[in-house]
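Structure first, commentary second.
Quick note: the coordinates plus some simple rules give every number you see, no bench work behind them. Treat the numbers as computed from the prediction; the structure is a model and nothing was measured. All Cβ positions, glycine included, derive from the backbone under ideal geometry; neighbour counts span all protein chains shown.
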Amino acid sequence: MIVVAIDGPAGSGKSSVARTAATQLGFGFLDTGAAYRALTWWALDRGIDPSDERAIAVLLETFPYAISLDPARERVSVGEVDVAVAIRHPQISLAVSAIAQNLRVREWMKESARTLVTNSGFPGVVAEGRDMTTVVFPDASTRILLTAREDVRIKRRAGEVAGRDLAETTASVRERDAKDSNVVDFFTAAPGVTVVDSSDISFSETVSAIVDIVRAGSDL
Ligand code: DC
């Protein structure tokens, strides 16, 4: 099983780059942020405060989470509910960091990601998040930190969310990066992690850079 671990901050383009790289490699794709978002969605749906650590820990015990690792199908569900669109809502982006700082949640997410990858049925999986290279898959065949300058990340995020102005996006990206980096450092590459800076290269160049690194590190 080949694991390609990719970390990076909000707006670095990780998800779309990792998904396309997975398609080109014939691998599965795992967006680990989706699980943090889905748990946040579930908590809010049930009227539970995402920063209530104990209530969230209890909720986690019966979290009916499912995600497809097929890069061609974006399917994320909580029980019977398809939450793929709902978890991208700005309200979730705002609340998700509280969930991501809960250490019980992080432990659950780690085990869940490892199980999903092991049972994926693909010859390899590209897994992206904040702690893939350091905590979840420190022994992955390829480990990459995908970065971009802050101004570039903010512009990309503003483009993704319709109707959002730059000042609002700047505040939200900065706030989330600051909160998220309390628990994991995804701005500095751990030893053995290759840095890919996407600030001044196109989307397809970024994908190619990643696919080349994976191929160079394996017999593909
Ligand atoms: O990548 P994203 O924006 O969908 O991630 C959503 C949140 O989940 C983000 O605020 C940080 C957190 N996260 C994390 O802490 N560790 C991961 N491996 C993935 C996401």
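Some observations on this one:
- Centroid-to-centroid separation of region 51-104 and region 140-157 [C-alpha atoms, Å]: 22
- Volume per residue of the C-alpha convex hull in region 67-144, rounded to whole Å³: 124
- Relative contact order (%) - region 107-220, alpha-carbon pairs under 8 angstrom, separation at least six: 34
- In region 108-220, one over the average inverse separation of all distinct C-alpha pairs is 15.9 Å, which is the Kirkwood hydrodynamic radius.
- Region 30-130: GluC sites (Glu not before Pro) falling in loop per DSSP and having at most 14 other Cβ within 10 Å: Glu61, Glu80
- Candidates Leu69, Leu116, Leu39, ranked by Gaussian network fluctuation over the chain, Cα under 10 Å, top entry: Leu116
- Applying D = kT/(6 pi eta Rh) to region 1-109, where Rh is the Kirkwood radius over alpha-carbon pairs, T corresponds to 25 °C and eta to 0.890 mPa s, the Stokes-Einstein value obtained is 168 µm²/s.
- DSSP-defined antiparallel bridges as percent of all bridges, the chain, nearest 5: 20
- Within the chain, longest stretch clear of exposed trypsin sites (Lys or Arg not before Pro) (DSSP loop, no more than 16 other Cβ within 10 Å): 76-148
- When all alpha carbon pairs of the chain are counted in 10 Å bins from zero, the resulting P(r) reads 8, 35, 39, 17, 1 %.
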